[in-house]
1. Over the chain, calculate the relative contact order: mean separation of alpha carbon pairs under 8 Å at least 6 apart, over the residue count, as a percent.
2. Can you tell me the order of 140-146, 29-35, 76-82, 17-23 when each peptide is scored by its average per-residue count of other Cβ atoms within 10 angstrom, highest first?
3. Kirkwood Rh, Cα Rg: Rg to Rh for the stretch 122-184?
4. Given the -39500 (n - 2.57) contribution per DSSP H run of 4+ residues, what per-residue ellipticity at 222 nm results for the chain, rounded to the nearest 500 deg cm²/dmol?
5. Using the alpha-carbon centroid of each, what span in Å lies between the stretch 1-74 and the stretch 144-178?
6. If eta is 0.890 mPa s and T is 25 °C, what Stokes-Einstein diffusion coefficient results for the chain, Kirkwood Rh from Cα pairs, in µm²/s?
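Just so you know, all these numbers are worked out from the coordinates, no wet-lab data involved. Here the structure is a predicted model, which is why all the values come from computation and not from measurement. No Cβ is skipped: glycine too gets one built from the backbone with ideal geometry, and neighbour counts run over all protein chains shown.
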């Protein structure tokens, strides 16, 4: 079994403009205290993370309310470049799994967001820190989160071949929170095995 790490390292990972960068403070050391202990500070949207509906919807589900089944199971990695519109996403939606990871330097348009919201997809992952246009991320987030499509952002997919995998990307159990860091991995399917849709 091959496990592929598709997560950013937290402290050196990318930070959405305006968010505070993660930091670590060594508060105990073996030399002084006989053990090591660190405090960390991070925004729940630093590095590789999920957006729960509460991120943009006042009555949306928080991280701890989301079913764990969303974050584990078969997924499709599909390669895109540039703006993804409804026409370019439709053929992928016809064959992909409920978890869809979009590989490449791409952006989801409002039309593609609506097509995703109307499909069977329950989780969409991207390599950028936001699924929407960096200058106007609201509409794409609202369309997807209102349809209970969970967002997995800040992935590292450059070394992954497009295709079918098992995804594991569990969030931390953070009560009343709109997002969470994750350690996202892909598990290669056994040779010759096709995942069922």
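1. The normalised contact order for the chain reaches 30 percent.
2. Ranking the peptides 140-146, 29-35, 76-82, 17-23 by packing returns 140-146, 76-82, 17-23, 29-35.
3. 0.97
4. That calculation yields -4000 deg cm²/dmol at 222 nm.
5. 12 Å
6. Reported coefficient: 141 µm²/s.
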